[in-house]
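Peer 1: Just dropping this structure here.
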Amino acid sequence: MPTTPTDDQLVHDTEAVLGSVGPHLRDARQARQMTLSDVAERTGISTSTLSRLESGRRRPNLDLLLPLAHVYRVALDDLIGAPPTGDPRVHVKPIRNNGTTFVPLTRGRAPVEAFKMVLPPLRIAPKPSLRTHGGYEWLYVLTGAIDLTLGTTTTRVHASEAAEFDTRIPHALTSADHDAAAEVLALFSTSGEQLHVRQC
């Protein structure tokens with residue numbers, strides 16, 4: 001008959017997980033070829049706080065971990081190194097940032113990460129800002145249409161159309177419709193390699 005863990009065991013297990021967060025944060029950042037300054041700019045968390053989190057000198061909390069999970073595009077469980085449950089399903093935990101909803105579809109540290117984005121209608125969307133980061137991205141528009149800005153060029157991508165680009169180019173995505181949201185399936189690779197599909 002399985003035993004129920006004691007309060008002391010639960011505290012010990014929690015402390016062990018929290019104590020291992022620093023290396024997971026550092027690995028996630030380095031895998032995306034981001035500096036502490038890059039992450040600070042994207043999250044609003046100071047570089048000194050990020051450095052202390054990675055070194056284990058700062059205890060992590062949800063206010064710090066949630067924006068980091070979003071920037072690194074990993075589930076919170078993967079970011080903190082929670083023990084695996086044996087469940088093969090990806091437990092979807094939508095993340096909202098600057099009006100856009102992100103739904104991770106792969107577990108953390110996958111060679112190619114998949115996620116769904118829901119871009120709000122233009123009438124309620126914040127003004128987009130161009131951003132850059134290492135990697136390569138593929139987009140497939142599920143519903144609606146989007147405006148994809150790469151540098152100084154904006155391209156309209158409609159439902160059932162796809163696009164790919166190097167994320168080191170300044171880029172931004174918005175719904176192309178004033179009143180309707182757009183849904184996008186995105187694949188992201190930190191390696192920067194283009195996707196090759198073998199035809200049979």
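Peer 1: Can we say residue 172 is open to solvent by less than 50 Å² (accessible area, probe 1.4 Å), under 22 Å from residue 35 (Cβ atoms), out of contact with any Asp or Glu (no Cβ under 6 Å at 6 or more places or on another chain) and touching a residue at least 12 places away in the same chain (Cβ under 8 Å)? It would help to see each step written out before you state the result.
Peer 2: Numbers: open to solvent by less than 50 Å² (accessible area, probe 1.4 Å): yes; under 22 Å from residue 35 (Cβ atoms): yes; out of contact with any Asp or Glu (no Cβ under 6 Å at 6 or more places or on another chain): yes; touching a residue at least 12 places away in the same chain (Cβ under 8 Å): yes.
Judged against the criteria, residue 172 is a match.
Peer 1: So in the range 50-61, with the set limited to residues that are in contact with a helix residue (DSSP H, G or I) (Cβ under 7 Å, 6 or more places away or on another chain) and assigned to a helix (DSSP H, G or I), which one is surrounded by the fewest Cβ atoms within 10 Å (Cβ to Cβ)?
Peer 2: Selected residue: 55.
Peer 1: Output the number of residues of the range 145-180 satisfying the condition of being more than 20 Å from the chain's Cα centre (by Cα), part of a strand (DSSP E or B) and of a type in the set (Val, Ile, Thr).
Peer 2: Residues meeting the conditions: 4.
Peer 1: To continue, here is another question. Look through the range 62-105, keep the residues that are within 18 Å of residue 133 (Cα to Cα), among the hydrophobic types (A, V, I, L, M, F, W, C) and not in a helix (DSSP H, G or I), and return whichever of them is modelled with the lowest pLDDT.
Peer 2: By that ranking, first place goes to 74.
Peer 1: Does the range 14-34 contain any residue that is over 27 Å from residue 167 (Cα atoms), loosely packed, with under 11 Cβ neighbours inside 10 Å and modelled with pLDDT under 85?
Peer 2: yes
Peer 1: Given the conditions (1) modelled with pLDDT of 95 or more; (2) farther than 22 Å from residue 41 by Cα, and given that residue 150 satisfies all but one, which numbered condition is not satisfied?
Peer 2: So residue 150 meets the others, but not (2).
The values are calculated or read from the model by the stated rules, or taken from the named source; none is laboratory data. Please read all numbers here as calculations on a predicted model, not as lab measurements. Ideal geometry is used to build each Cβ from the backbone, glycine not excepted, and the neighbour counts take in all protein chains shown. Only protein heavy atoms, including side chains, enter the accessible area calculation; ligands, DNA and RNA are left aside. Shrake-Rupley method; radii C 1.70, N 1.55, O 1.52, S 1.80 Å.
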